[in-house]
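The values are calculated or read from the model by the stated rules, or taken from the named source; none is laboratory data. Just so it is clear, the model here is predicted, and its values are computed rather than measured. Every residue, glycine as well, gets a Cβ built from its backbone with ideal geometry; the counts of neighbours run over all protein chains shown. Keep in mind that these areas ignore ligands, DNA and RNA; they rest on the heavy atoms of the full protein, side chains included. Shrake-Rupley method; radii C 1.70, N 1.55, O 1.52, S 1.80 Å.
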Amino acid sequence: VRESQVLFVAGKTKGCFYPPPYLDDYGETDQGLKRGNPLHLCLDRYRKIERLWRQHGVAEVIGHAQEANQTLVTIDWQHL
């Protein structure tokens, strides 16, 4: 594992990265796993992702992320 990110994909042209449900002892994510601190599953964050999936909210999250960050639109999500 080289990254600690969640990838939401909806079709070939829509996707975004989402904060992972894994946190260190300080309650922080370790983007790129550079600090090397052990990570633990945060049940609250996990349940939020699960709720998004069950309530069909992933496409909405992707839409908001792509509106806020136009560089996400140019990524070829099907190849990730």
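How do the pairs read when you match residues in segment 31-59 that are at positive phi with residues anywhere that are of a type in the set (S, T, N, Q) and not in a helix (DSSP H, G or I), using Cβ under 8 Å and keeping only pairs 6 or more apart or on different chains?
Between residues of segment 31-59 that are at positive phi and residues that are of a type in the set (S, T, N, Q) and not in a helix (DSSP H, G or I), the close pairs are Gly32/Ser4; Leu33/Ser4.
Can you pull out the residues in segment 59-80 that are in a helix (DSSP H, G or I), of a type in the set (S, T, N, Q) and open to solvent by less than 80 Å² (accessible area, probe 1.4 Å)?
Result: Gln66, single match.
Among the numbered conditions (1) surrounded by fewer than 13 Cβ atoms within 10 Å (Cβ to Cβ); (2) over 13 Å from the mean Cα position of the chain (by Cα); (3) at pLDDT below 90, tell me where Asn37 comes up short.
(1)
Does segment 44-58 contain any residue that is at pLDDT 90 or above, polar (S, T, N, Q) and loosely packed, with under 10 Cβ neighbours inside 10 Å? Break it down stepwise before answering.
Pass one, segment 44-58, residues at pLDDT 90 or above: 44-58.
From what's left, polar (S, T, N, Q): 55.
Now narrow it down to the ones that are loosely packed, with under 10 Cβ neighbours inside 10 Å: 55.
Scanning segment 44-58, I find at least one residue that is at pLDDT 90 or above, polar (S, T, N, Q) and loosely packed, with under 10 Cβ neighbours inside 10 Å, so the answer is yes.
Taking only pairs six or more apart or across chains, which ones have beta-carbon atoms under 6 Å, a first residue in segment 69-80 that is under 13 Å from Ala10 (Cβ atoms), and a second residue that is open to solvent by 90 Å² or more (accessible area, probe 1.4 Å) and of a type in the set (Lys, Arg)?
Gln78/Lys12
For segment 7-27, which positions are open to solvent by less than 90 Å² (accessible area, probe 1.4 Å) and either of a type in the set (D, E, K, R) or without any contact (Cβ under 8 Å) to a residue 24 or more places away in the chain (or both)?
Of everything in segment 7-27, those that are open to solvent by less than 90 Å² (accessible area, probe 1.4 Å) and either of a type in the set (D, E, K, R) or without any contact (Cβ under 8 Å) to a residue 24 or more places away in the chain (or both) turn out to be Leu23, Asp24, Gly27.
Which condition number in (1) in a loop (DSSP other than H, G, I, E, B); (2) in contact with a Gly (Cβ under 7 Å, 6 or more places away or on another chain) is the one that Thr29 fails?
(2)
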